[in-house]
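S.K.: For reference, the structure I am asking about is given below.
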Amino acid sequence: MPFGDDTIAVVGTKEGHVLKFLLQPLSSSSDSNLHSGFPYKDLDLSNSPILPNMAFDKTRENVYVMSSHEIFKIAVNSCEHHVDCSACVVTHDPNTCGWCGFCSTRSGCLEQSDTLPWQRDSCPPAIYNVVPLAGPLEGGTRVTITGDNLGLTAAGSHPPEVNVAGQPCAVMQQLSEISRIVCITSVVSSPVTGPIVAKVVLYGDNLSYKVNGTVSTEKRINFTYVDPVITNIEPRYGRQSGGTILTITGSGMNAGNDISVTVLGRACYVKSANMTTLICATTSSTVTESGKVEVRIDGIIRSSHQQFTYVSDPTLRTFTPNKAVVNGGQTVSVFGKNLNFVQVAKMKITIRREDTSVEAPEYSVECSISEEYLQCLSPNISQSASGITSIEPITAEIVFFLDGRPTELSATGSDTSEFLFYPNPVFDPFSGDNNVIVVKEGSSTLTIMGTDLNLALEASDIKVTVGGRECKVTDLKADELTCEIPDMSGAVEDSPGYKVEVRAASTTSMIGYMKIDPRPFPWYAIVIVVLIVVCIIVSVVVWHVRKQSKEEGTDLATGVVTPSVIFRQTSSTGGESAEARVVPAFSRLNNYMRTPTSSSESAFAGIPDENRPLLETINKDLAMQISEVLVNEDNLKQGDIVGQGHFGCVYQGRIWQDGTSFAVAIKSLLRGGKEEIINFLREGIMMKDFKHPHVLELIGVCINSNNMPLVVLPFMKHGDVLTYIRDPKNELTARDLLEFCRQVAEGMAYLASQKFIHRDLASRNCMLDDNLRVKIADFGLSRDIYERDYYSAKDKTAKLPVRWMALESLERNVYNTKTDVWSFGVVMWEFLTRGMTPYPSVDNWDICTYLQRGRRLQQPMHCPDHVYQIMMNCWSVSPVDRPTFDDLAGQITDILMASVNQESEDHEIYLNVVPSMK
């Protein structure tokens with residue numbers, strides 16, 4: 001296109017550039033100011049080629065240029081494309097461009113009233129960017145200032161004068177050029193923030209214009225001198241092989257240019273940094289040792305107060321199960337050591353394909369981490385499960401990654417193992433009308449039919465609910481499932497019946513409804529009941545007559561049955577034996593009965609005559625101990641029932657002493673056989689010598705007018721701990737629950753010091769007094785009220801609390817203080833879950849096998865890792881590795897004290913959960 005006496009060519013390129021050329025006739029002499037064959041403007045407009053079609057607008061002052069997807073408007077006679085002054089004043093643009101604060105023609109500048117004078121022979125300096133924007137007080141930071149007309153070296157020119165935040169910055173001339181100044185900061189005494197100011201004077205034969213001026217970044221860019229400080233490092237342990245992601249927190253962490261980190265003198269590769277956080281990856285160490293973390297910023301060093309420790313690498317031993325259903329959701333447990341030092345654990349499953357040309361599907365899931373095991377949920381591979389059958393499962397490879405590294409399993413010597421996927425189980429709806437099954441009232445089990453039920457699932461993987469309540473799975477076969485029908489009183493019932501649902505791994509199936517058919521009360525049952533009542537009346541009359549005619553002096557040793565005891569005395573070697581101490585009569589007389597008149601009286605001297613028949617029929621040693629704490633019935637008033645079971649009751653009552661009275665709990669028996677009475681009395685008398693604020697003491701024993709024993713105990717206003725923590729009305733913080741744990745630990749430490757073994761430590765056997773102080777107790781009645789928490793032994797003669805028992809107790813019937821420590825760990829878990837039943841998805845039969853596989857109770861919600869670690873220590877396989885009760889009391893006390901110190905920063909967590917009451 002013509003431009004005055006000249007011709008301008010606008011050329012598009014396939015690279016997306018638009019070039020502007022000034023053309024001259026071949027016959028004309030070359031203008032020395034123009035570069036023939038070179039464009040005077042190169043515009044980078046697009047990533048796609050410029051199309052050949054171009055068009056002018058009506059004024060012919062602009063040309064429209066097109067790419068494959070954009071249209072650009074380019075001014076023909078404009079200087080605005082020259083952004084920098086240095087480019088503006090040296091351009092060969094035929095528009096004769098100059099600088100007046102922006103690039104324009106002389107007339108264009110005159111049209112703007114607030115511009116600088118138009119000129120073509122000089123330019124002011126300009127600063128566009130500064131890196132970095134912070135540096136240490138000690139100086140030495142290399143600051144790079146980018147802009148225009150800054151640092152070109154020319155004969156006779158002076159180096160630019162630069163100030164950073166008011167302090168001189170030494171210019172490195174060898175690194176400076178027209179668009180850049182590089183300088184080194186000086187030392188300052190205290191943190192300061194300010195702009196960058198540069199005074200530039202440039203001239204010379206190699207520069208076609210002059211530069212003379214001062215430029216400042218005030219209000220735009222500021223530089224800050226900081227004092228870098230390390231306040232914390234996390235984690236403080238890492239594997240020897242390296243790769244631990246270390247997070248360093250503090251202030252001024254990204255000041256300066258050159259930032260590096262060392263851990264015990266070994267490089268830690270920086271991944272990211274900002275003013276408060278620096279993240280790096282550790283390198284390997286040949287030894288396990290501890291040392292400081294050092295951060296080097298532009299030559300200055302800052303060290304951490306905390307130490308980092310290299311520990312032995314985590315190892316994996318084996319995993320279970322090695323199969324799952326297609327829909328996933330099953331827990332895969334991986335066992336090993338030092339796993340708590342792993343930051344990220346993942347399980348990757350790759351589906352095997354016969355056709356290697358097809359990319360194999362991969363599934364990766366993150367695993368939860370504990371010290372000795374990982375737990376990963378199997379993925380849903382339904383998109384890759386075509387052609388699967390129960391006979392031909394899908395074969396896959398499973399690999400476990402610890403902090404991004406595939407890890408070998410010591411059991412196989414390989415990091416890759418085989419894993420199988422089986423078809424999902426199919427549960428058949430009930431066959432009745434509207435999928436309703438009718439069961440007789442009193443039926444104990446429910447059977448659900450199906451297909452492929454146990455190919456990859458165990459009973460613990462399946463949860464059945466009836467009316468919203470769990471129906472515990474007791475048997476699982478290929479085509480049927482059997483569960484124990486729960487107590488349905490108060491359960492939600494829809495119009496067809498109680499809704500029955502099955503959750504297998506991650507899939508829930510609606511089976512139908514269960515309806516209970518009440519059994520009619522048969523007429524012959526009424527007759528039987530009447531006959532039984534008559535027989536009882538006759539028996540009572542006969543017994544009463546015989547009782548009154550019975551002679552005194554019955555052989556005390558006749559028919560004595562050795563009872564089972566709950567608290568046991570142990571020897572100094574850690575063994576156990578039943579308590580068999582002989583305590584002199586009346587060595588602990590109380591104020592509720594009369595004292596003997598002389599030392600020459602018999603062993604039962606001072607005991608009311610009406611009480612002697614019972615004492616004379618039991619073991620003499622036990623009778624002597626009871627005589628020490630015997631309470632006259634006249635001093636005792638029995639009130640309302642506060643607890644009742646099949647074999648006994650607990651009443652609230654009052655006892656009088658010296659004209660005053662106070663509340664007590666009175667425990668009685670409903671049945672009066674000799675063996676039951678002996679066991680009942682022995683359980684009560686065991687507490688008579690205990691003196692500790694967290695152990696329930698015995699007040700006394702009373703023999704009532706019916707010649708039946710009553711055990712008198714302090715009245716616990718808030719009842720047992722299990723009932724209290726399960727009540728959602730009681731707002732309890734994590735600190736409250738830990739305080740309960742501490743009190744139990746102190747009480748058990750006292751019992752251990754007295755060589756007593758509890759054998760049945762559980763939250764149901766801990767009581768709360770008026771001041772919410774925990775008292776360890778052990779009523780035989782607890783087995784009655786909480787009978788579902790006990791499991792009958794094979795000989796049916798004993799009830800065992802299997803969910804609280806140590807592994808060696810289940811395997812070998814061993815009991816000692818260390819087995820009580822195991823039970824204490826379960827009690828902590830009960831407290832922090834607000835009373836959930838331990839191992840809720842595991843049947844009583846399977847508890848021992850479950851523990852033998854290395855599995856333990858899962859970490860409760862809101863439970864800190866260090867608190868859960870205390871529980872895990874209590875559940876160590878080796879009793880030697882378990883802490884003592886003194887250790888436990890100290891550890892929990894330390895946690896509580898630490899929480900007090902951080903109270904201003906941390907908020908206590910309310911655990912107002914409603915646990916499943918199993």
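Where a number appears in this text, it was derived from the coordinates with a stated rule and is not lab data. Keep in mind it's a predicted model, so treat the numbers as computed, not measured. Glycine gets a Cβ as well: all are built from the backbone with ideal geometry, and neighbour counts include every protein chain shown.
S.K.: Classify segment 316-422 as rounded, prolate or oblate, taking a ≥ b ≥ c as the square roots of the eigenvalues of its Cα gyration tensor: rounded when a/c is under 1.5, otherwise prolate if a/b is larger than b/c and oblate if not. Don't skip to the answer; put the middle values down first.
M.R.: Details: a/c = 1.99, a/b = 1.78, b/c = 1.12.
Verdict is prolate for segment 316-422.
S.K.: Report the calculated FRET efficiency for residue 769 and residue 674 (r = Cβ-Cβ distance, R0 = 30 Å), to the nearest 0.05. Show your work: numbers first, answer last.
M.R.: Values: r = 34 Å, r/R0 = 1.13.
Efficiency, rounded to the nearest 0.05: 0.35.
S.K.: Taking a ≥ b ≥ c as the square roots of the eigenvalues of the Cα gyration tensor of segment 721-901, is the shape rounded (a/c under 1.5), prolate (a/b larger than b/c) or oblate? Walk me through the numbers before you get to the answer.
M.R.: Details: a/c = 1.43, a/b = 1.30, b/c = 1.10.
Since a/c stays below 1.5, the shape of segment 721-901 is classed as rounded.
S.K.: I would also like to ask the following. Skipping prolines and chain starts, which residues have an amide H placed within reach, meaning under 5 Å, of the one on residue 445, given they are 5 or more residues away or on another chain?
M.R.: Amide H neighbours of residue 445: 485.
S.K.: Got a sec to turn the phi values of segment 359-374 into Karplus ³J(HN,Hα) couplings, 6.51 cos²θ - 1.76 cosθ + 1.60 with θ = phi - 60°, whole Hz, x for Gly and Pro?
M.R.: Each residue of segment 359-374 in turn: 5, 6, x, 10, 10, 10, 10, 8, 10, 7, 10, 10, 4, 10, 7, 10 Hz.
S.K.: If you don't mind, another one. What FRET efficiency do you get for residue 338 and residue 858 if R0 is 22 Å and r is their Cβ-Cβ distance, rounded to the nearest 0.05? Provide the component values of the computation, followed by the final result.
M.R.: Details: r = 20 Å, r/R0 = 0.91.
Computed FRET efficiency for residue 338 and residue 858: 0.65.
S.K.: Sticking with this one: If you look for lysine pairs in segment 426-517 that are eight or more places apart or on different chains, how many of them have Cα atoms under 20 Å apart?
M.R.: 10
S.K.: List the residues, sorted by chain then number, that are 5 or more residues from residue 814 or on another chain and whose placed amide H is less than 5 Å from its amide H.
M.R.: Close amide H contacts, sequence-distant or interchain: 809.
S.K.: What whole-number distance in Å separates the alpha-carbon centres of segment 282-339 and segment 658-736?
M.R.: 50 Å
S.K.: Moving to a separate point now. Residue by residue through segment 840-852, which ³J(HN,Hα) values in whole Hz follow from phi under the Karplus form 6.51 cos²θ - 1.76 cosθ + 1.60 (θ = phi - 60°), with glycine and proline marked x?
M.R.: Whole-Hz 3J(HN,Hα) from phi for segment 840-852: x, 9, 10, 6, 4, 4, 9, 4, 4, 4, 4, 6, 4.
S.K.: Pull up all non-local amide H partners of residue 210: gap of 5 or more, or a different chain, and H-to-H distance under 5 Å with H placed in the peptide plane.
M.R.: Those lying under 5 Å, H to H, from residue 210 are 122, 123.
S.K.: Under the Karplus relation 6.51 cos²θ - 1.76 cosθ + 1.60, θ = phi - 60°, what is the ordered set of whole-Hz ³J(HN,Hα) values for segment 263-270, x standing for Gly and Pro?
M.R.: These are the phi-based 3J(HN,Hα) values: 10, 6, x, 9, 4, 10, 6, 6 Hz.
S.K.: Number of Lys-Lys pairs in segment 721-901 under 30 Å by Cα, sequence gap 8 or more or different chains?
M.R.: 11
S.K.: Next question, about the same structure. May I ask you to work out the translational diffusion coefficient for segment 122-225 at 20 °C, viscosity 1.002 mPa s, via Stokes-Einstein with Rh from the Kirkwood sum over Cα pairs, reported in whole µm²/s? Spell out each step's value before the answer.
M.R.: Numbers: Rh = 13.6 Å.
Approximately 158 µm²/s, per Stokes-Einstein.
S.K.: Mind checking the full-extension length gain between residue 57 and residue 177? Use 0.36 nm per residue of separation minus the Cα-Cα distance, one decimal, nm. Intermediate results must be reported in sequence, preceding the final value.
M.R.: Working: separation 120, 0.36 × 120 = 43.20 nm, distance 4.14 nm.
Here the answer is 39.1 nm.
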